[in-house]
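Everything on this sheet refers to the single structure shown next.
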Amino acid sequence: MIIEDDRQHSGKHDNKHEVWDALGVPYLSRDEMIKLDFGDYVRGFEDGTLDPSSNLSVDSKRSLSEVSTNLGREHERFKREVRRANDAGYLLVVLIETDEATCIEDVRGWVNSHCRKCKHYWHKECDPRDGSTYCLRHNTKPPLQGETMAKQMATMEANRSVRFEFVRPEDSASRICELLGVKHDDKGD
């Protein structure tokens, strides 16, 4: 069965629960969830214990913007989570739910959503991908952009500490099942 971290935001993952219910996938319900030390989903048992035959944990991200936060201002916290997973013998798979990219190479040209909303970007007064040392709007360091994110992701994968995967949001629940090796009924019977 799938064990979901109890810190998942209530209501934000109901679509996954609906898919799992339709496919007959067993998972711990919201009031039964436990706190995981790393990732959002692991394979386990009804009593909340982790399946010792599994060494994979899935950390779902709802967008490239969330990943940019994890690799940017929350980088140290994210590295600690990866390290905890690795120390426990797990590979952390970061499952990015997006239509904006299908692989790390696609991320290189991504422009942070904060910049895409900025009038300076739209008026071509700045290009956040050019390595500018400050943001015209805020006069601060610009937010993390795709080129830097792609380099960080590739480095982390090369170190075999984490794997990044991309999935369309509507396919996320099924992909989590595949990654964790949790069987389901494709017909929803």
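Confirm whether residue 66 is under 15 Å from the mean Cα position of the chain (by Cα), modelled with pLDDT under 95 and part of a helix (DSSP H, G or I). Judged against the criteria, residue 66 is a match.
Could you list all residues from the stretch 159-173 that are of a type outside the set (Phe, Trp, Tyr) and over 18 Å from residue 84 (Cα atoms)? Steps first, answer last, please.
Narrowing the stretch 159-173 to residues of a type outside the set (Phe, Trp, Tyr): 159-163, 165, 167-173.
Residues satisfying the conditions are 165, 167, 168, 169, 170, 171, 172, 173.
Taking the numbered list (1) farther than 26 Å from residue 56 by Cβ; (2) modelled with pLDDT under 65 in turn, residue 147 passes all entries but (2). For the stretch 6-14, the count of residues that are closer than 21 Å to residue 165 by Cβ, modelled with pLDDT under 95 and not in a loop (DSSP other than H, G, I, E, B) is zero.
Within the stretch 91-105, the set of residues being at pLDDT below 95 and closer than 25 Å to residue 43 by Cα is empty.
Could you tell me how many of the residues in the stretch 35-63 are part of a strand (DSSP E or B) and either surrounded by fewer than 17 Cβ atoms within 10 Å (Cβ to Cβ) or in contact (Cβ under 8 Å) with a residue 60 or more places away in the chain (or both)?
Step one: of the stretch 35-63, the residues part of a strand (DSSP E or B) are 41-44, 50, 56-61.
If we keep only those that are either surrounded by fewer than 17 Cβ atoms within 10 Å (Cβ to Cβ) or in contact (Cβ under 8 Å) with a residue 60 or more places away in the chain (or both) too, we end up with 41-43, 56, 58, 60.
Adding up the residues that qualify gives 6.
Among the residues of the stretch 39-75, the one identified as farther than 19 Å from residue 104 by Cβ, of a type in the set (A, V, I, L, M, F, W, C) and out of contact with any strand residue (DSSP E or B) (no Cβ under 6 Å at 6 or more places or on another chain) is 45.
The values are calculated or read from the model by the stated rules, or taken from the named source; none is laboratory data. Just so it is clear, the model here is predicted, and its values are computed rather than measured. In this analysis, Cβ positions are derived from the backbone assuming ideal geometry, glycine residues included, and neighbour counts consider all displayed protein chains.
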